[in-house]
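Visitor: Here's a structure for you.
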Amino acid sequence: MRHSHGMRGPVRLAFAVLTALALVALPSGCSNPMGFPESGAVQRLPAAEPRSKRVFTNPRGPKDGDQPEQIVKGFLDAMPAGVQSDGFHVARSFLTGTAARGWDGDSTFLIALSAPKLVRSVLPQDGGEDSSSTACDVQADVRLKGQLDAGGQYTAAESGTVRSLTFSLRRSKGRWRIDRAPDVVVVLDADVDQVFRQVTLYRADAASRVLIPDVRWLAWRDWRVLAVRELLAGAPKWLGEAARNANTHAARLAVNAIPIVNDKVQIRLGDAFEQLPDADKAMLVREIRLTLGDGDADYDMEVTASSRHDYSHADAGLSIATAPASPPVYSLSAGNIVSLDSSAPLRVGVVRDSATARGFVFGPNGGALLAADSTAECLRSNGSACGPMFAGARLRQIAGGARNEVWALGEDGHTLMVQDGGSVQTLAIPWLGSAGVAGIAVSPDGSRLALAVQSGPLTGVVMTGIVRNQAGAPQRLGGVAARVSARYGVTMLTFYNDTTLVYVVPGSSGVAAQAFRQIGPGPEQVQRLPGEEVRAITNGRINDAPRLAAINSHGVVHSDSGALDGSWSIVDMQSTVVSQR
């Protein structure tokens, strides 16, 4: 992104850029606890993150003499392989014939923080705790991190949530089998990447201007079929009208398979696809191509419909933008607006009273400063003031949005405003209730909003859609929000890229700050911080590469990149705040 300098002869500042090196068999009686062992037309999207090698599990079936706890444990142990590869063939061998025919392993997936704890109880009517018992219940207590629905949509669980599952067993001819089992599958958090494939469904926004990533976690064994089904089914409720539904005739897959022939996937759609207008056919083919190709617009596939007509290139020439490239990261350093985009920091403007600034949004065309009195002031591209923003309202936070938008969160934690030029718009948060918001972040595509909610049933981090009109201006937020993290106390958050969200719980009273990241919505992972107290985080380009940036209480800006597991580097040592755009 090129800079628009507001002064003649930009001054290069000298900064020191440093790199921081830096099963025991139990008797058949009741109440025996049992636990698990811990174990444009030419379009390019960013390459998908590299995936670790998959490990295929090979669970064993039941053995003669297995006790009820061992049967339930074996059933649970076989579940991941059912999602990953074998379609629950082994898992069903732990069930009676009737139970095996009725059990649904593809409806709900529980993501467990640790192995479930098992407790058995013999049913009173079956004679107590001796070896003649023929019926038994085993309860599995699952410490939940979150869950996935049949469409691969993730919902975070409240911290400390325990889900109790009851398995009813019968003994016949000396063998125990599960006669009733809940329609859920339990997967350990550590195994999620091996069992599910993270798939990004690409959807056009309401104005067909930009593609919106819709992240799902789908069973490895048939992820292509599931991905196309979910894409054709339309956007999730939380994204809602922010995305365009090109499948207005409810087209479906004609067959329950997507085979690969000569290294090319074969997609056959039903009659309804041929009833769509040509523009909608083109958009659907493009969305399928990007989804199955992990964002590759040149992904080779064959698309036909019931008439056998070839639609493989229906999207040829279709132009729809991806999320814009990351803007540079800017810092306020000793009154200077400094671009960190190049190897040598470049001063692009001067700001008065920057030492007491509480927030800063900046881009090549200017931005905004959140002053010490909690009001926002407009900044020109050279840093000079251009008047109050948001009608002088007192604000908690400002953040950058699409194009030249500046978003603001009111001091009350309920008011959300957007200003682009002189126009100010207030957006209602329809699902918030009496809870307050501590922080906001707008996705690179401008169609999703992440919010840190402080109380109520949505406490944590949530995401919702931003509905925009044909001109691209925001009209309203979606009527539903998806809870992506139940982490309490988050005040800082940013999109590192179009799918990865990073958020921070500040430290206090000697407790260090905590940071987390997720391919969202999805299970969160711990994000390492530079080590000092963090005052703000943002994303953007540093030294010509996409980076995550953090500023500490000493005014030092650090950055990290890639999978965000590497070393943090110092890029600026004289800063007050960093740009939140």
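Visitor: When the residues of region 564-573 are filtered to those that are part of a loop (DSSP other than H, G, I, E, B) and at pLDDT 90 or above, which remaining residue is farthest from the chain's Cα centre (by Cα)?
Guide: W568
Visitor: Hey, any hits in region 330-340 for a residue that's modelled with pLDDT under 90, in contact with a Lys or Arg (Cβ under 9 Å, 6 or more places away or on another chain), within 22 Å of R547 (Cα to Cα) and aliphatic (A, V, I, L, M)?
Guide: No, that holds for no residue.
Visitor: Mind counting the residues in region 498-546 that are over 20 Å from V437 (Cβ atoms), of a type in the set (S, T, Y) and under 18 Å from the mean Cα position of the chain (by Cα)?
Guide: Residues that pass the stated criteria total 2.
Visitor: So which residues in region 371-388 are closer than 21 Å to V437 by Cβ and surrounded by fewer than 24 Cβ atoms within 10 Å (Cβ to Cβ)?
Guide: A371, D373, S374, T375
Visitor: Just wondering, is there one or more residues in region 272-279 that are polar (S, T, N, Q), assigned to a helix (DSSP H, G or I) and either crowded, with 19+ Cβ neighbours inside 10 Å or over 31 Å from the mean Cα position of the chain (by Cα) (or both)?
Guide: Checked region 272-279: at least one residue is polar (S, T, N, Q), assigned to a helix (DSSP H, G or I) and either crowded, with 19+ Cβ neighbours inside 10 Å or over 31 Å from the mean Cα position of the chain (by Cα) (or both).
Visitor: Do we find a residue being part of a strand (DSSP E or B), under 30 Å from A204 (Cβ atoms) and polar (S, T, N, Q) anywhere in region 399-414?
Guide: no
Visitor: With respect to the numbered conditions (1) of a type in the set (A, V, I, L, M, F, W, C); (2) closer than 30 Å to N365 by Cβ; (3) surrounded by fewer than 17 Cβ atoms within 10 Å (Cβ to Cβ), which one is the sole condition not fulfilled by V261?
Guide: Failed condition: (2).
Visitor: Right, here's the next one. Criterion first (under 20 Å from the mean Cα position of the chain (by Cα) and surrounded by fewer than 19 Cβ atoms within 10 Å (Cβ to Cβ)) does G146 satisfy it?
Guide: Spelling it out, it is not the case that G146 is under 20 Å from the mean Cα position of the chain (by Cα) and surrounded by fewer than 19 Cβ atoms within 10 Å (Cβ to Cβ).
Visitor: Please list, ordered by first then second residue, the pairs with beta carbon atoms under 8 Å, 6 or more apart or interchain, first in region 387-404 and among the aromatic types (F, W, Y), second surrounded by fewer than 23 Cβ atoms within 10 Å (Cβ to Cβ).
Guide: From region 387-404, the pairs are F390/T375; F390/M417; F390/Q419; F390/V424.
Visitor: Among the residues of region 516-539, is any surrounded by fewer than 21 Cβ atoms within 10 Å (Cβ to Cβ), of a type in the set (G, A, S) and in a strand (DSSP E or B)?
Guide: Looking for residues that are surrounded by fewer than 21 Cβ atoms within 10 Å (Cβ to Cβ), of a type in the set (G, A, S) and in a strand (DSSP E or B), one finds none in region 516-539, hence no.
Visitor: Something else about it: Within region 199-214, does at least one residue satisfy the condition of being at pLDDT below 95, assigned to a loop (DSSP other than H, G, I, E, B), under 18 Å from M463 (Cα atoms) and in contact with a Ser or Thr (Cβ under 9 Å, 6 or more places away or on another chain)?
Guide: Yes, region 199-214 has at least one match.
Visitor: Pick out the one residue from V192, V187 that is at pLDDT 90 or above, assigned to a helix (DSSP H, G or I) and under 21 Å from the mean Cα position of the chain (by Cα).
Guide: V192
Visitor: When residues of region 104-139 are filtered for being among the β-branched types (V, I, T), at pLDDT 95 or above and touching a helix residue (DSSP H, G or I) at 6+ places or on another chain (Cβ under 8 Å), how many remain?
Guide: Within region 104-139, residues that are among the β-branched types (V, I, T), at pLDDT 95 or above and touching a helix residue (DSSP H, G or I) at 6+ places or on another chain (Cβ under 8 Å) number 2.
Visitor: Test D498 against the stated conditions and say whether it is modelled with pLDDT under 95, charged (D, E, K, R) and within 18 Å of I398 (Cβ to Cβ).
Guide: Against the criterion (modelled with pLDDT under 95, charged (D, E, K, R) and within 18 Å of I398 (Cβ to Cβ)), D498 does not qualify.
Visitor: Take residues that are more than 14 Å from the chain's Cα centre (by Cα) and buried (at least 20 other Cβ atoms within 10 Å of the Cβ) and tell me which of the strands (runs of 3 or more DSSP E) falling wholly in region 420-497 contain 3 or more.
Guide: It comes to 437-442, 460-468.
Visitor: How many residues, within region 291-333, are assigned to a loop (DSSP other than H, G, I, E, B) and surrounded by fewer than 15 Cβ atoms within 10 Å (Cβ to Cβ)?
Guide: Residues in region 291-333 being assigned to a loop (DSSP other than H, G, I, E, B) and surrounded by fewer than 15 Cβ atoms within 10 Å (Cβ to Cβ): 12 in total.
The values are calculated or read from the model by the stated rules, or taken from the named source; none is laboratory data. Remember, it's a predicted structure, so these values are computed and weren't measured experimentally. A quick note on method: Cβ atoms are made from the backbone with ideal geometry, for glycine too, and the neighbour counts reach across all protein chains shown.
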